[in-house]
1. Share of segment 47-145's accessible area from carbon and sulfur, percent, 1.4 Å?
2. Between Asn107 and Asp94, with labels modelled 7 Å along Cα→Cβ, what's the label distance in nm to one decimal, could you check?
3. Using a Cα-Cα cut-off of under 29 Å, which lysines could be cross-linked to Lys129, ignoring same-chain neighbours fewer than 8 residues away?
4. Please give the peptides 47-60, 113-126, 75-88 ranked by average Cβ packing (other Cβ atoms within 10 Å per residue), highest first, as a rough proxy for protection.
5. Mind checking the full-extension length gain between Asn120 and Lys84? Use 0.36 nm per residue of separation minus the Cα-Cα distance, one decimal, nm.
6. Could you give each residue of segment 103-109 its phi-based ³J(HN,Hα) in whole Hz, using Karplus coefficients 6.51, -1.76, 1.60 with θ = phi - 60°, and x for Gly or Pro?
Amino acid sequence: LCSTFEMAFGFSFCCFVAFHFFAMHSSVLCSTFEMASEVNLPEHICVGYANWHQSDDSIVDAVRRGVNVVIWFSIDLIKNRDGKAAVQRGPNMDEVARLVAKIRDLNLECVHLMSIGGWNAPHPDATLKAEEVFEALDEWNRKTCARPQLG
């Protein structure tokens, strides 16, 4: 499906011809579903997948070099002590928001996604109900992720 390699600045990326994800554009990163406008991925995408807690200018450099979809790594979607869906961990959202704003201010087109689980991180619990997952992600968007002061 894709060929992956490390670029000189230490940022993995994959090039895809066809790819479909629910995506949030840099201008609506971490906004609630009601506030998000529809975002279409470009016909040809070049995906950059950030490493653990990677939130430095190498992300901006990758976008300057052609990456047009950034996948931030990673939040965990877990079942909490009450048996409900909850989000834990994740990158430093202040730094992510700063970099998203910088990319936007440079007028670089980029879609931002957040990885949920994955390599060396727990995969989501498949027994969680869709409604609970939405509520947990929506709460995370509003309380943990959103940075309205950055636009």
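The values are calculated or read from the model by the stated rules, or taken from the named source; none is laboratory data. As the structure is a computational prediction, the values presented were derived from the model and not from experiment. For neighbour counting, all protein chains shown are included, and Cβ atoms are generated from backbone atoms with ideal geometry for every residue, glycine included. Ligands, DNA and RNA are stripped out before the accessible areas are found, and what is left, the full protein with its side chains, is counted by its heavy atoms. Shrake-Rupley method; radii C 1.70, N 1.55, O 1.52, S 1.80 Å.
1. It is 48 percent, rounded to a whole number.
2. 3.1
3. Straight-distance partners of Lys129: Lys79, Lys84, Lys143.
4. Those peptides, ordered most packed to least, come out 47-60, 75-88, 113-126.
5. Using 0.36 nm per residue and subtracting the Cα-Cα distance, I get 10.7 nm.
6. Ordered by residue, 3J(HN,Hα) equals 4, 5, 5, 7, 6, 9, 6 Hz.
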